[in-house]
Amino acid sequence: MSTTNASLPAGPQPSAPPPSGAPSPTAAQPPQAQHAPAAPSRSVEEIAADLEARRRALASDVDEVAARLAPASLKRMAQETADAAAASLRSRTQALRERAEELTSQAGLTSPPHSASVYGGDPGTPPLTEAAPGATEPLTLSQRLTRLLDDARDGDPVSLAVVTAAGLTVAGLGILTLTRVIRS
């Protein structure tokens, strides 16, 4: 006759060990089922005090974020960033200017005088004023315009650019006026 396992004792059954990486049956049970010491129960007042402290901390964080994102604050931060960038650019420009002057002097070159012409004309031409040499009187508008046009005729790139830009602006305004007249 064959024997069968028809009657097993009641109670916990021995089981095969769980596969590796799988949680043990006791780990899947809630903490109360494992008979772990229960956390001390807190009173309603303690819970309310804890919630109030968290609410205050959250309100403080929200206020700080709102202050940082306020238009005046954003404007101030943008201005500070722009000022820092401008200061950095000024210092780099000054350093480059000093380096260029150093290289120019090492090469034995001299730079042309900066105030030779109002619009970058030939530094050898005398100013259009009747004042004594070395005196600095401002030129009148007609004198400046005459010098600008003379410099443009001589091929000065800066003067040519100014005259061209002025001509294009006048032409653009003329076209704009003409289209408005036609549409009305």
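What follows draws every value from the coordinates through simple rules; no lab data is involved. Worth saying up front: this structure is predicted, and the values here are computed from it rather than measured. Here the Cβ positions follow ideal geometry from the backbone for every residue, glycine too, while neighbour counts run over all protein chains shown.
Summary of values
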{"item": "Spin-label model distance (nm) - residue 146 vs residue 158, 7 Å beyond Cα toward Cβ", "result": "2.1"}
{"item": "Karplus-derived HN-Hα couplings along the stretch 158-169 (A = 6.51, B = -1.76, C = 1.60, θ = phi - 60°), whole Hz, x at Gly and Pro", "result": "5, 5, 4, 5, 5, 5, 5, 4, 5, x, 5, 5"}
{"item": "Label-point separation, residue 96 to residue 175 (7 Å along Cα→Cβ), nm", "result": "3.3"}
